[in-house]
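The values are calculated or read from the model by the stated rules, or taken from the named source; none is laboratory data. Predicted, not measured: the structure shown is a model, and the values here were computed from it. Positions of Cβ are backbone-derived with ideal geometry, glycine not excepted, and every protein chain shown enters the neighbour counts. Remember, those area values only see protein heavy atoms, side chains included, never the ligands or the DNA or RNA. Shrake-Rupley method; radii C 1.70, N 1.55, O 1.52, S 1.80 Å.
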Amino acid sequence: IYADPAKRLELYFRPKDPYCHPVCANRFPTSTMLLKVRRRTKKKKQLDTEEQMQPEVEFEMEILGTVTTVYKFQGMSDFQYLAMHSGPHGKQTSMYDKVLMLKPEKEEFFNRELPLYIPPPIFSRLDTPVDYFYRPDIQHRSGYNNPQVSGENLIGLSRARRPHNAIFVNFDDEEIPTKPLDAAVQTWKKVCTNPVDKKVEEELRKLFEVRPVWSRNAVKANISVHPDKLKLLLPYLAYYMLTGPWRSLWVRFGYDPRKDPEAKIYQVLDFRIRCGMKYGYAPNDMPVKAKRSTYNYSLPITVKKQVSHTVSVHDLKQGLGTAAAAGAKKPPSSRYKLKESIYIFREGALPPYRQMFYQLCDLNVDSLQKIIHRNDGTEAECTERDGWCLPKTSDELRDTMSLMIKQIIRSTRPALFSTTTSSEDGKEQLAYESGEDEDDEEEEEEDFKPSDGSENEMETEILDYV
């Protein structure tokens with residue numbers, strides 16, 4: 001605990017009880033001394049039998065060192081949930097010997113009839129008291145009737161998302177929008193008050209003229225714009241595709257990629273780095289680590305991280321001075337720019353995340369482009385799964401990219417592949433990884449889990465605009 005400043009110190013009142021809920025101590029810096037105090041007592045000789053003997057007490061103090069960190073238990077103890085059963089006449093019976101398996105047990109141990117015991121899945125998230133100010137009853141005018149209860153005015157588990165006035169389009173929708181919503185125009189005009197914002201708007205317009213379909217990460221890699229301003233600018237110039245081969249991408253207003261075979265190169269490829277025993281390396285051996293993991297979930301025993309500064313409309317108008325001060329070391333032209341690897345796939349380089357959303361035109365490898373352009377000039381129908389490409393094109397691209405990544409890992413960490421086949425069996429390995437049979441495909445889906453919290457996940461971007 002001391003090695004990690006973000007952790008809290010736990011105290012268990014019953015350390016041997018797995019159902020014991022701890023109390024937590026917060027970490028504080030201090031500058032105090034550690035003293036060693038000895039108390040010596042010397043007895044005086046008894047001079048008179050009637051007088052009581054008065055002992056002589058001496059204290060010796062020694063400074064052992066300085067203390068720089070202390071842990072203080074400032075919170076309240078939470079409820080303790082015991083493995084007990086309420087019997088007849090209110091008698092409590094312990095169930096620890098029935099629910100805890102302290103040694104390997106026989107089948108009879110698991111087939112015994114026991115009372116239902118379900119411990120709570122989670123305890124209180126807060127252990128410090130807070131003041132709650134109740135609102136007074138609202139005094140309505142005479143004749144006012146409460147509205148009918150519906151799903152729109154019920155209190156949810158989380159706050160309502162702030163609308164950013166984006167237009168969402170499904171692959172099955174017949175019409176595509178030709179202009180933004182009036183609210184999106186007003187919001188951007190309200191924020192766009194300085195020359196830098198107008199310059200960013202012109203740069204994004206030129207990007208959509210050159211290429212009508214863009215991912216948000218690709219835009220971030222080509223334009224230096226604050227993410228909060230980009231949330232307001234994209235709905236002003238483009239609409240968002242939810243489903244189909246262009247899902248999670250921003251499309252220029254008035255452009256329908258379903259009617260243009262040349263839009264094939266702008267389709268999205270959901271690529272995830274494969275891992276497992278049949279690929280030669282386990283998830284822990286992957287050079288591309290997940291940004292977050294459920295194993296690191298330590299709430300509520302960790303100190304709450306400091307919340308970032310909330311950006312207001314005033315900050316946006318002023319050019320985001322707080323963010324600008326934080327990034328003053330970088331030139332304005334590249335302050336918020338991302339690296340090209342965030343949206344471009346190149347041979348010999350590993351993706352930055354385990355799950356990536358690539359556009360086909362950003363796969364800068366000749367062998368991959370040959371697979372994409374096999375049916376140039378003969379595109380007949382745009383399907384929701386494959387778009388303008390031939391069937392199974394995405395599967396072939398993933399297989400080829402996975403083989404390339406495996407070769408990179410093999411060259412950097414050859415010890416992982418000491419027992420696998422040689423590089424001469426590349427074609428066999430490629431066929432083995434292709435997942436042509438159904439069983440292989442099902443097993444592949446289990447291995448292809450997206451990295452938690454990746455900046456490339458489509459769901460994260462949708463929630464920003466819903």
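N170 passes all but one of (1) under 29 Å from the mean Cα position of the chain (by Cα); (2) buried (at least 17 other Cβ atoms within 10 Å of the Cβ); which number fails?
With respect to (1) under 29 Å from the mean Cα position of the chain (by Cα); (2) buried (at least 17 other Cβ atoms within 10 Å of the Cβ), N170 is out only on (2).
From the list E203, E175, which one is without any contact (Cβ under 8 Å) to a residue 40 or more places away in the chain and either exposed (fewer than 14 other Cβ atoms within 10 Å of the Cβ) or touching a Phe, Trp or Tyr at 6+ places or on another chain (Cβ under 6 Å) (or both)?
Sole residue among the options that is without any contact (Cβ under 8 Å) to a residue 40 or more places away in the chain and either exposed (fewer than 14 other Cβ atoms within 10 Å of the Cβ) or touching a Phe, Trp or Tyr at 6+ places or on another chain (Cβ under 6 Å) (or both): E175.
Does any residue of segment 221-232 turn out to be more than 30 Å from K392 (Cβ to Cβ), free of Cβ contacts under 8 Å to residues at least 40 places away in the same chain and of a type in the set (V, I, T)?
Within segment 221-232, none of the residues are more than 30 Å from K392 (Cβ to Cβ), free of Cβ contacts under 8 Å to residues at least 40 places away in the same chain and of a type in the set (V, I, T).
In contact with a Cys (Cβ under 8 Å, 6 or more places away or on another chain), modelled with pLDDT under 80 and more than 26 Å from V169 (Cα to Cα): does that describe D439?
no
Are any residues in segment 343-366 hydrophobic (A, V, I, L, M, F, W, C), within 16 Å of M286 (Cα to Cα) and not in a strand (DSSP E or B), and if so, which ones?
Within segment 343-366, A349, L350 meet the criteria.
This table checks each residue for (1) touching a strand residue (DSSP E or B) at 6+ places or on another chain (Cβ under 7 Å); (2) under 30 Å from D173 (Cα atoms); (3) open to solvent by 20 Å² or more (accessible area, probe 1.4 Å); (4) at pLDDT 95 or above.
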position: L350; (1), (2), (3), (4): no, no, yes, no
position: Q355; (1), (2), (3), (4): yes, yes, no, no
position: C382; (1), (2), (3), (4): no, yes, yes, no
position: L390; (1), (2), (3), (4): no, yes, yes, no
position: D399; (1), (2), (3), (4): no, no, no, no
position: I409; (1), (2), (3), (4): yes, no, no, no
position: T412; (1), (2), (3), (4): no, no, yes, no
position: L416; (1), (2), (3), (4): yes, no, yes, no
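Only one of (1) closer than 25 Å to N364 by Cα; (2) open to solvent by 50 Å² or more (accessible area, probe 1.4 Å); (3) out of contact with any Pro (no Cβ under 8 Å at 6 or more places or on another chain) is not met by R252, so which one is it?
Here R252 clears every test but (3).
In segment 93-127, how many residues are assigned to a loop (DSSP other than H, G, I, E, B), touching a strand residue (DSSP E or B) at 6+ places or on another chain (Cβ under 9 Å), under 24 Å from P22 (Cβ atoms) and not acidic (D, E)?
Residues meeting the conditions: 2.
Can you tell me which residues in segment 66-93 are of a type in the set (A, V, I, L, M), open to solvent by 60 Å² or more (accessible area, probe 1.4 Å) and either more than 22 Å from Y117 (Cβ to Cβ) or in contact (Cβ under 8 Å) with a residue 12 or more places away in the chain (or both)?
Passing the criteria: M76, L82.
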